[in-house]
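Quick notes on the structure that follows.
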Amino acid sequence: MNTSVTANGTKRFIDGVERVFYDGYWIKAYDPPADTLRAKRQLIEGLTRRLFNHVEHGINIPGKRLDEARQAFEVEPDPERKRVKGAMLAGALFNRATDIFTKLMELQELGIEIQTDNALMRECGFCLQEALNLGKMVRHRSGEEGIDELWGEPFRAFSIPVEAFYDSRYIKISQTLRDIDRIGGVMVETFAGSRYFEGIEDPTLRFTEAAKVKCETLRTDPAIFDVWADFAVAAERLGSTSPRLAGATTAHDLQLAVDGVNLILQGRDLVSYITRARVPMPKTTREYIERCEHYRRGLHPRIHPAPLAP
């Protein structure tokens, strides 16, 4: 199929499944909920839980402690501690926004109409916006880069119609699928030609294919039981890779084998991180690719000479 003439947002049934096209990928499509205050509240609650599931520990501060969190952040002189306290303040702001939405929802259920210019609605937006700015201080649970996209999602969900938010998520999923393919391709290119890891292509590609299916599948989808099981098993099989050490007679050979196993595990973990978060991690991906290139130079020094020292 010539994807160059397919417009983003095009929907089509493929093998009985409705899919939507974005940037080269046909992604499993889901009907968005009605654009109501209840739907937005549930969406923001879900996005907030998802956010805290992927970021560093200790920042899920209740909204009622917002003033304490702000005070602790503002008076902290040490830069490293201030970063952590800024992350905690961002968590408190997110939870305060969710608290406001919950109460507004309760009022709406009592028949009280809530206008978009309501003071509490504006306060909710302010909290999300400030949390988005502070989110740059927060790191992924792996200790690697932050995931700014996750911090921006609740604010987008608050600011735009629910259907438009769902459409924006497909764009991020397509970017994530692209990076899963990119990482898998680099892993195959790096290790397929190594005598230590013959046959690594099959478990690598099985894992990345399972990861892409997991990435596009919502947890509420009945298929998630099979999808998650396939993904978890593929990750375990790739992680059990052992080098073939026959002929590895030097310390250099053994070190290449050990380093190769570590790189395979790092690639598996990186794909797992972005699959579960459903957003790219560009800095970590770039650094992983650079490590793979360095490893290949060690495997084939004559073909890939190392750069000369200055």
Filter pass, Arg237 being within 20 Å of Ala192 (Cβ to Cβ), of a type in the set (Lys, Arg) and modelled with pLDDT under 85: no
Can you tell me which residue in region 7-33 is farthest from Val162 (Cα to Cα), limited to those that are in contact with a helix residue (DSSP H, G or I) (Cβ under 6 Å, 6 or more places away or on another chain) and in a strand (DSSP E or B)? Tyr25
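Please work out which residue is farthest from Gly91 (Cα to Cα), limiting yourself to region 47-65 and to residues that are aliphatic (A, V, I, L, M) and modelled with pLDDT under 85.
Here the residue is Leu47.
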Note: among Ile180, Ile200, Ile171, just one is hydrophobic (A, V, I, L, M, F, W, C) and more than 28 Å from Thr241 (Cβ to Cβ), namely Ile171
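Residues are listed down the side, and each one gets a yes or a no for (1) at negative phi; (2) under 19 Å from the mean Cα position of the chain (by Cα); (3) part of a helix (DSSP H, G or I):
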{"residue": "Pro243", "(1), (2), (3)": "yes, no, no"}
{"residue": "Val258", "(1), (2), (3)": "yes, no, yes"}
{"residue": "Gly267", "(1), (2), (3)": "yes, yes, yes"}
{"residue": "Ser272", "(1), (2), (3)": "yes, yes, yes"}
{"residue": "Arg286", "(1), (2), (3)": "yes, yes, yes"}
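The values are calculated or read from the model by the stated rules, or taken from the named source; none is laboratory data. Values in this document were obtained by computation on a predicted structure and should not be read as measured data. As a convention, Cβ positions derive from the backbone with ideal geometry for all residues, glycine included, and neighbour counts pool all protein chains shown.
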